[in-house]
Amino acid sequence: MAELQEVQITEEKPLLPGQTPEMAKTHSVETPYGSVTFTVYGTPKPKRPAILTYHDVGLNYKSCFQPLFQFGDMQEIIQNFVRVHVDAPGMEEGAPVFPLGYQYPSLDQLADMIPCILQYLNFSTIIGVGVGAGAYILSRYALTHPDTVEGLVLINIDPNAKGWMDWAAHKLTGLTSSIPEMILGHLFSQEELSGNSELVQKYRNIITHAPNLENIELYWNSYNNRRDLNLERGGAVTFKCPVMLVVGDQAPHEDAVVECNSKLDPTQTSFLKMADSGGQPQLTQPGKLTEAFKYFLQGMGYMASSCMTRLSRSRTASLTSAASIDGNRSRSRTLSQSSESGTLPSGPPGHTMEVSC
């Protein structure tokens with residue numbers, strides 16, 4: 001593997017009081033399936049995995065994850081972990097359009113690029129955070145390299161291959177809708193698209209006017225040609241690490257995430273259904289997702305109990321009781337988010353946990 005590019009950049013974001021600009025290094029490395037670009041923030045911490053993110057179709061790492069990782073309370077997390085943001089080939093800023101006839105990697109091949117990244121950085125383990133197509137890629141990687149994945153946060157995961165009915169619907173939609181509109185229908189709920197909020201307008205503009213739209217279409221086609229992960233509760237094909245599944249309560253992928261949850265080990269899986277978050281909870285509800293991520297890391301033994309969000313610090317002693325229970329990996333956890341109340345009831349180990357924020 002040869003390094004193709006290494007530049008230092010400063011992330012453009014408003015700084016919190018007393019915060020210094022966070023330096024980043026962008027690298028590109030060759031893999032058996034082409035070049036892949038990734039950006040590294042922070043320095044490796046001893047005996048801690050890296051947080052590795054993978055974005056969805058139509059996005060890159062910035063447009064997919066910046067609102068989450070720039071959120072104030074997230075700073076407690078990123079100060080404790082180095083993070084690696086992977087851009088799918090041709091999705092990085094300034095990427096040239098692939099030549100006509102270029103064979104874009106399958107999602108399985110995109111997953112097979114990750115070991116090249118970790119080898120280049122000399123990282124041994126990761127906590128993966130993926131959205132949509134990125135969640136599938138990290139899932140595939142975790143199934144083939146379980147010893148290198150300590151945890152997974154999967155947002156809008158659809159582990160199933162498209163069936164014949166799905167293919168027919170996709171083809172019919174393609175006759176009447178443009179690629180940008182089909183991708184927007186993948187990213188956002190119909191309610192969001194009908195409401196045409198400022199967020200939807202922003203991402204419609206980003207995708208419609210993307211200079212690499214041809215590349216985006218190739219990534220989109222690879223996603224629609226994905227294989228079934230064949231997950232099975234109690235079967236041979238399953239995750240060997242803690243998993244947090246996240247979906248909005250009106251998201252296009254709600255049914256797929258619910259089905260995925262039914263196929264996973266309940267003692268290793270947290271299911272977070274977020275109200276009022278639409279199709280992209282990392283964009284619309286970064287505060288709630290940050291809090292859930294902290295509990296997830298605590299359950300893995302990495303975040304001290306004092307590192308809590310401002311919302312959590314204002315809660316009663318029942319929160320502390322629930323958080324300590326959450327640290328026990330041997331129970332089933334379902335996190336059901338609601339913006340209408342601020343209580344976190346505790347429950348005995350082994351019971352479903354309902355979290356309202």
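Just a few scattered comments:
- Restricting the range 70-121 to GluC sites (Glu not before Pro) in coil, as DSSP defines it, with at most 15 other Cβ within 10 Å: E93
- Relative to the current alpha-carbon distance between Q75 and D265, full extension at 0.36 nm per residue lengthens the span by 65.3 nm.
- Among the listed pairs K62/K202; K162/K263; K240/K273; K62/K162; K25/K294, a Cα-Cα separation exceeding 19 Å is found for K240/K273; K62/K162; K25/K294.
- Dividing the Cα radius of gyration of the range 182-267 by 2.2 N^0.38 Å, with N the residue count, gives 1.36.
- Relative contact order (%) - the range 139-296, alpha-carbon pairs under 8 angstrom, separation at least six: 32
- Remark: spin-label model distance M300-H209 equals 3.8 nm, labels positioned 7 Å along the Cα→Cβ axis.
- Cα gyration tensor shape of the range 222-287, rounded if a/c is under 1.5, else prolate or oblate by comparing a/b with b/c: oblate
- Where N is the number of residues in the range 36-75, Cα Rg divided by 2.2 N^0.38 Å: 1.31
- Where E198, E30 fall by accessible area, highest first, once all protein chains stay in place (1.4 Å): E198, E30
- The packing ranking of peptides 97-108, 62-73, 234-245, 283-294, highest mean first, is 283-294, 62-73, 234-245, 97-108, where packing means the average number of other beta carbon atoms within 10 angstrom of each residue.
- With a Förster radius of 45 Å applied to the beta-carbon distance between E254 and F98, the computed FRET efficiency rounds to 0.85.
- Amide proton proximity set for S124, modelled H, under 5 Å, gap of 5+: none
- Shown is the FRET efficiency for R48 and N221, computed with R0 = 45 Å from the Cβ-Cβ distance and rounded to the nearest 0.05: 0.75.
- Cα-based shape type of the range 92-165, given that a ≥ b ≥ c are square roots of the gyration tensor eigenvalues and the cut on a/c is 1.5: oblate
- Zero-based 10 Å bins, Cα pair distances in the range 23-93, whole percents: 19, 51, 26, 4
The values are calculated or read from the model by the stated rules, or taken from the named source; none is laboratory data. Worth saying up front: this structure is predicted, and the values here are computed from it rather than measured. When we count neighbours, we look across all protein chains shown, and the Cβ atoms used for this are built from the backbone with ideal geometry, even at glycine. Quick note on the areas: whole protein, heavy atoms, side chains included, nothing else; ligands and nucleic acids left out. Shrake-Rupley method; radii C 1.70, N 1.55, O 1.52, S 1.80 Å.
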